[in-house]
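Trainee: Here's a structure for you.
The values are calculated or read from the model by the stated rules, or taken from the named source; none is laboratory data. Everything quoted here is computed from the prediction, not taken from an experiment. Cβ coordinates were reconstructed from backbone atoms using ideal geometry, including for glycine residues, and neighbour counts include every protein chain displayed.
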Amino acid sequence: MNLKLKNHRLLFLGTLLYFALAFVNINFAMLAMLCMITPFILLFRDKRKTWCQGYCPRASLFSKTGTLPLARSRKTPASFIKGDVKWYVLMYFGMNMLIMIGTTIRVAAGSMPAMDYPRLLLFFAIRTELPQLLPTPEVWEWLIHLSYRFFSMMSTTTIFGLILSLIYKPRTWCTICPVATMSDVALKQQKKSGRSVGQRKVFD
Ligand code: SF4
């Protein structure tokens, strides 16, 4: 990856651009897959959390909001760092992915209507379509459904991460982020098989 991008002060704009593009066409929400796949490609290439340590646009955003004057910067709860919270978040993420895939298959098969509005935390429907500068043809309902699911997941976790950044250390979300949890498991497995291992820490 281009080293000039590493910890670039404008990386957070990537997150803002992601949400802005959803108003151009909701299918841009599928770009969320890049944030899910790239960390693991880099992890297996570098044997460390390259993405988390310098390229994640969401972490960059949390670092910005966490240093705003209204941010409280409290100590990250121990349950986030050493407790089970990260496993609950991972379970939520897994459930979310299963629902996303299952419902998209059902929409494609014509056995349920597409979700054409965002949801927060899976349960709270915001029953309004986002304004679209370039609307998607109605025939691709499954794609619209999948895109809104991705958009909902990214919105939920970003809002949650932003709230945490304003209460606790800026990158508190990173202690429970499913990407980091799965990365840690993969690195531990590598350690067991005699390779190097990375450590998760709270970034200020
Ligand atoms: S832990 Fe999650 S939010 Fe934090 S840097 Fe890694 S991928 Fe980004």
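Trainee: Please work out if SER60 is hydroxyl-bearing (Ser, Thr, Tyr), more than 15 Å from MET182 (Cα to Cα) and surrounded by fewer than 19 Cβ atoms within 10 Å (Cβ to Cβ).
Mentor: Numbers: hydroxyl-bearing (Ser, Thr, Tyr): yes; more than 15 Å from MET182 (Cα to Cα): yes; surrounded by fewer than 19 Cβ atoms within 10 Å (Cβ to Cβ): no.
Taking the combined requirement at face value, the residue does not satisfy it.
Trainee: Please find, within the range 152-204, the residue that is modelled with the lowest pLDDT out of those that are among the aromatic types (Phe, Trp, Tyr) and touching a Lys or Arg at 6+ places or on another chain (Cβ under 6 Å).
Mentor: Only one residue tops the list, namely PHE203.
Trainee: So, one more: Name the pairs whose Cβ atoms lie under 9 Å apart, with the first residue in the range 79-105 and among the small types (Gly, Ala, Ser), the second surrounded by 12 or more Cβ atoms within 10 Å (Cβ to Cβ) and not in a helix (DSSP H, G or I), and 6 or more positions between them or separate chains?
Mentor: GLY83/PRO77
Trainee: Go through the range 82-141 and count every residue that is modelled with pLDDT under 90 and under 15 Å from the mean Cα position of the chain (by Cα).
Mentor: 2
Trainee: Give THR50, THR38 a once-over and let me know the one that is within 22 Å of SER147 (Cα to Cα), modelled with pLDDT of 95 or more and within 13 Å of the ligand (Cβ to nearest atom).
Mentor: Among THR50, THR38, only THR38 is within 22 Å of SER147 (Cα to Cα), modelled with pLDDT of 95 or more and within 13 Å of the ligand (Cβ to nearest atom).
Trainee: Based on what the data block shows, is LEU31 among the aliphatic types (A, V, I, L, M), more than 9 Å from the ligand (Cβ to nearest atom) and either buried (at least 21 other Cβ atoms within 10 Å of the Cβ) or within 30 Å of ILE144 (Cβ to Cβ) (or both)?
Mentor: yes
Trainee: Checking the structure you have, find out if any residue of the range 29-40 is farther than 14 Å from MET154 by Cβ and part of a loop (DSSP other than H, G, I, E, B).
Mentor: No, the conditions are met nowhere in the range 29-40.
Trainee: Just a yes or no: is a residue in the range 73-80 closer than 15 Å to PHE12 by Cβ, away from the ligand (no atom under 16 Å from the Cβ) and among the hydrophobic types (A, V, I, L, M, F, W, C)? Write out each step before concluding.
Mentor: Within the range 73-80, the subset closer than 15 Å to PHE12 by Cβ is none.
Scanning the range 73-80, I find no residue that is closer than 15 Å to PHE12 by Cβ, away from the ligand (no atom under 16 Å from the Cβ) and among the hydrophobic types (A, V, I, L, M, F, W, C), so the answer is no.
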